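Accompanying notes for the structure given below.
The values are calculated or read from the model by the stated rules, or taken from the named source; none is laboratory data. Keep in mind that this is a model prediction, so the values were computed, not measured. Because the Cβ atoms are built from the backbone with ideal geometry, glycine has one as well, and the counts that use them run over all protein chains shown.
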Amino acid sequence: MSYDHQKIEAKWQERWESEKVFRATEDPSRPKFYNLCMYPYPSGALHQGHIRNYTFGDLLTRYKTMRGFNVLSPMGWDSFGLPAENAAIESGVNPRENTEAQIVTMTRQIKQLGAMYDWDRELASHHPDYYRWDQWLFLQLFERGLAYKKEAPVNWCPKDQTVLANEQVVDGACERCGTIVEKKNLAQWFFRITDYADRLLDDLDQLDEWPDRVRTMQRNWIGRSEGARFTIAVAGGDLSFEVFTTRPDTIYGMTFCVLAPDHPLVGSLIEGSENEQEAREYIAASASATEIERMAEGDKTGVFTGRYALNPVNDQQVPIYVADYVLMGYGTGAIMGVPGQDQRDWDFAARYGLEIIRTVEPPPRWEGEAYTGEGPTINSGFLDGLEQMGAKERIIEWLEEKGIGLGTVQYRLRDWLISRQRYWGSPIPMIDCPSCGLVPVPEDQLPVLLPDVKDFAPKGQSPLATADEWVHTTCPACGGGARRETDTMDTFVDSSWYFLRFTDPHNERVAFEQENARYWMAVDQYIGGVEHAILHLLYARFITKVLSDMGLSPVTEPFSRLFTQGMITLGGAKMSKSKGNVVDPLELFASHGADSLRLYHLFMGPPTDDAAWDTNGVEGTSRFLDRLWRVVTETDGFEGPADPELVALAHRTAKKVTEDIERFVFNTAIPPLMTLTSSLIEATQAGIDRQTFDQVVEFLVKLLAPMAPHISHELWERTGHGTMLANEPWPEWDPELVAQATVTMVVQVNGKVRGRVEVPADISAEDAERVALGLEKVQGWVEGAEIRKVVSRPPNLINFVVG
RNA sequence: GCCCGGGUGGCGGAAUGCAGACGCGAGGGGCUUAAACCCCCUUGAGCCGUUACGGCUCGUGUGGGUUCAAAUCCCACCCCGGGCACCA
């Protein structure tokens, strides 16, 4: 008989909630643990990715609670965003009502998983008492010069008359109507994250409990490179342009220059040139291609402008090209082409028959194309013989002396565009006054409430612009008529500080009280999908640093330890609604129960890796829990002897499970629990005494409590305990019982296993050798041959090398 | 094209000096009037032996290398997945 999971799970969910077992209160006498899963977008239903995330998080909440930590594990909603707005456009449903209904549904489902949160701290970013502080945050950045407005292009669908997110642009066309997307310039708000580029980069070194993979991605995203900027004159006239290079030491190898197609100088360069027509066609073609298309195309194409540039070091004339492998958005939008030392330049030079000069001596027998490694500088006048670093320093000095350039640092990171021409977001608290200009809304007038609008259909401007009464306001500075900003904020702004709000979620006076933030921050464990490895995590780090500079955040880094989980696949593809390969968690709650599902998620593979879904696996973990249920509830008549070996196994299991949880590797924590259960079943069939049984069951139930909490709590109660298992201490193991008196030593001859023998755990090398050579089978392999070497690793292994 | 991961039985995976733990699936058997549930046995490939559930060889994408010893470390290549803003 399998246990009645429906009834038991409902019973314990009700008790945990009504007894507020996981409510967190500030208590300086206990060590704190702030455990946070990335707050979800309320999409309407839990999917397996959520289940995986909250199973890991809840395991940790429960484990750390049993280890005596004061655990804060809050839950909230990233409830502004595009899907609710799209639903409003398509079916007219009100975004607020729709979102709130979805939150109700998902809350119920999270509770069905048995995942415990301090629901008293629940927050949702679409609530005015939350986004009021988004607006406050915006004003702080504005005051510090970290928020500014400038023109920037957006994706514009001319047919739908609306701005599109990158996600809504598919192959250069509007995903809804297929119209080719255009670029359109709009004045938009930015956060000056580039001011923090160096600190965001340097502080990655402190984050030694983050995955290296994520740190590498952030490092590459910020993309600091040291090099030089200098001016290159165009031959025959007074035009010039600036280039940036990381390899100024290779300047003598410059055999051409390239400008980006949208470089402002291009028009005047090609005007009247013999190649003008061809160049214009090329530029027009590259403007219509999306960046992705340009990337996908392997070949580097370009067109000669008909003009020449002068190399500042030797006045050599080199041709100037326009090519779309150079981007206006990075550096100066112009480069010096050095094919000898750069593979992309090599490819370009090879295609257009341009000269190639090596300025770095490659190693002997070098057969590659561009050589990007170290070596002595050659063919380079006064730089000859210098190594890369020395040559760089020397040429930068020279450029600076001549006043045509300077050593500089270039970042790949761009400022954060936070304006969205959308309804369902936090309104930007600014007012545009015809006489005073851009005026911030005074803090005491926050929140700027999101107005109700009737029609969400796009009409060429932000839906907020249609709320006439809301838009027309008075200027806080001069009292004259003025207009409100109608853009809303990127939802990444909401999520860049919510972890701070969780420390003091209901405060109406300030965003969060210092004392609370000091107690709880930083987040000790942050858990979420790797898709947030760059943007969300970088923005949260940036805002935390800004708040720290303001003296408000007690930490400069928000997340001490980061865990990124793998995604769930089925049939070789990511499980997703659009692919139609989802397995609904609700059905599994009903058929097998939350505990079986949780256990399967923990068991199915390493938490960091993608995992292939197999519903049969839930069957397996469910069978395991059934076996445990039966042995605990159905065993009677304890006439047998004590079983110290079984008790020792329980202690060893406790050690292994604890170590695996600490390492965040859950899939290997479960087999020992299965083995211990099987051993207990065998032992009860043979007959054991009550004390052995009780001891082993206590270990099992407690070790399983964070993984399969419902059945564990029920068994704890049924074995005569009146306490709440969640608050019981984590089991301690006895080191003496864990230590094994004897171990199996492997005996190898020439690296092949030829025998095994039980030996004392503290055996000496000499004794190990004697025992091993005493084995009949081993003798067969070594006799008649000379033992040339003995590699002894007592007590686990010994290897005889014979020949 | 560039960057980051990863290739182990029929499948998910375990193993950092014993390859295949644990689970799934498959095959066989038991229980049952029957089925489900449950329980037991077998399950990388090939071979030898069967008095011995004993032994031998091969085997972790491919080819090399280092080592007493390589799934694990190094080099080259192939394939799969993910990311991308051709970042000078």
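Just one of the numbered conditions (1) within 16 Å of RNA strand B (Cβ to nearest atom); (2) more than 20 Å from A:His5 (Cα to Cα) is not true of A:Asp694: (1). Considering the conditions (1) under 21 Å from A:Phe699 (Cβ atoms); (2) surrounded by 12 or more Cβ atoms within 10 Å (Cβ to Cβ); (3) not aliphatic (A, V, I, L, M), A:Trp781 is excluded by exactly one of them, (1). Could you check, for the range A:259-267, whether at least one of its residues is crowded, with 16+ Cβ neighbours inside 10 Å, hydrophobic (A, V, I, L, M, F, W, C), away from RNA strand B (no atom under 16 Å from the Cβ) and over 30 Å from A:Val360 (Cβ atoms)? Looking for residues that are crowded, with 16+ Cβ neighbours inside 10 Å, hydrophobic (A, V, I, L, M, F, W, C), away from RNA strand B (no atom under 16 Å from the Cβ) and over 30 Å from A:Val360 (Cβ atoms), one finds none in the range A:259-267, hence no. Looking across the range A:301-324 at every residue that is crowded, with 19+ Cβ neighbours inside 10 Å and among the hydroxyl-bearing types (Ser, Thr, Tyr), the one that is farthest from RNA strand B (Cβ to nearest atom) is identified as A:Thr305. Has the range A:671-687 got any residue that is in contact with an Asp or Glu (Cβ under 7 Å, 6 or more places away or on another chain), more than 30 Å from A:Phe800 (Cβ to Cβ) and either at pLDDT below 95 or within 15 Å of RNA strand B (Cβ to nearest atom) (or both)? Within the range A:671-687 (the criterion being in contact with an Asp or Glu (Cβ under 7 Å, 6 or more places away or on another chain), more than 30 Å from A:Phe800 (Cβ to Cβ) and either at pLDDT below 95 or within 15 Å of RNA strand B (Cβ to nearest atom) (or both)), the answer is yes, since at least one residue qualifies.
Of the residues contained in the range A:729-748, one or more are found to be of a type in the set (Asp, Glu), surrounded by 12 or more Cβ atoms within 10 Å (Cβ to Cβ) and away from RNA strand B (no atom under 14 Å from the Cβ).
Here is a check on your reading of the model: is A:Thr653 surrounded by 21 or more Cβ atoms within 10 Å (Cβ to Cβ) and at pLDDT 90 or above? Answer is yes for this residue.
Consider A:Trp156 carefully, then state whether it is in contact with a strand residue (DSSP E or B) (Cβ under 8 Å, 6 or more places away or on another chain), closer than 21 Å to A:Trp424 by Cβ and among the aromatic types (Phe, Trp, Tyr). Here the answer is yes, as A:Trp156 does meet what is asked. Screening A:Arg351, A:Arg358 for residues that are farther than 30 Å from A:Asp198 by Cβ and surrounded by fewer than 15 Cβ atoms within 10 Å (Cβ to Cβ) leaves exactly one candidate, A:Arg351.
Screening A:Leu500 against (1) farther than 18 Å from A:Leu123 by Cα; (2) modelled with pLDDT of 95 or more leaves a single unmet condition, (1). Against the numbered list (1) closer than 23 Å to A:His532 by Cα; (2) more than 16 Å from RNA strand B (Cβ to nearest atom); (3) surrounded by 13 or more Cβ atoms within 10 Å (Cβ to Cβ); (4) without any contact (Cβ under 8 Å) to a residue 24 or more places away in the chain, A:Leu201 comes up short only at (2). Reported count of residues in the range A:431-488, each being within 21 Å of A:Gln188 (Cβ to Cβ) and either assigned to a strand (DSSP E or B) or of a type in the set (Asp, Glu) (or both), is 14. For beta carbons closer than 9 Å, sequence separation of 6+ or different chains, a first residue in the range A:237-253 that is touching a residue at least 24 places away in the same chain (Cβ under 8 Å) and more than 10 Å from RNA strand B (Cβ to nearest atom) and a second that is of a type in the set (D, E, K, R) and in a strand (DSSP E or B), the qualifying pairs are A:Leu239/A:Arg307; A:Glu242/A:Arg229. Pairs meeting the criteria (first residue in the range A:321-333 and within 22 Å of A:Ala350 (Cα to Cα) and in contact (Cβ under 8 Å) with a residue 40 or more places away in the chain, second residue part of a loop (DSSP other than H, G, I, E, B) and within 6 Å of RNA strand B (Cβ to nearest atom), beta carbons under 6 Å, at least 6 apart or on different chains) are A:Tyr325/A:Lys300.
Between A:Asp118, A:Asp78, the distinction of being touching a helix residue (DSSP H, G or I) at 6+ places or on another chain (Cβ under 7 Å), crowded, with 18+ Cβ neighbours inside 10 Å and of a type in the set (Asp, Glu) belongs to A:Asp78 only. I'd like to check something: does the range A:761-774 contain any residue that is surrounded by 16 or more Cβ atoms within 10 Å (Cβ to Cβ) and within 12 Å of RNA strand B (Cβ to nearest atom)? Within the range A:761-774, none of the residues are surrounded by 16 or more Cβ atoms within 10 Å (Cβ to Cβ) and within 12 Å of RNA strand B (Cβ to nearest atom). Residue count for the range A:775-803, restricted to those that are among the β-branched types (Val, Ile, Thr) and near RNA strand B (Cβ under 8 Å from one of its atoms): 2. Taken together, A:Gly145, A:Gly178 contain a single residue that is part of a loop (DSSP other than H, G, I, E, B), surrounded by fewer than 18 Cβ atoms within 10 Å (Cβ to Cβ), in contact (Cβ under 8 Å) with a residue 12 or more places away in the chain and more than 16 Å from RNA strand B (Cβ to nearest atom), which is A:Gly145. Being over 24 Å from A:Val71 (Cβ atoms), more than 16 Å from RNA strand B (Cβ to nearest atom) and without any contact (Cβ under 8 Å) to a residue 60 or more places away in the chain: is that true of A:Lys459 here? No.
Scanning the range A:84-123 for residues that are closer than 10 Å to A:Phe456 by Cβ and of a type in the set (Asp, Glu) yields a total of 2.
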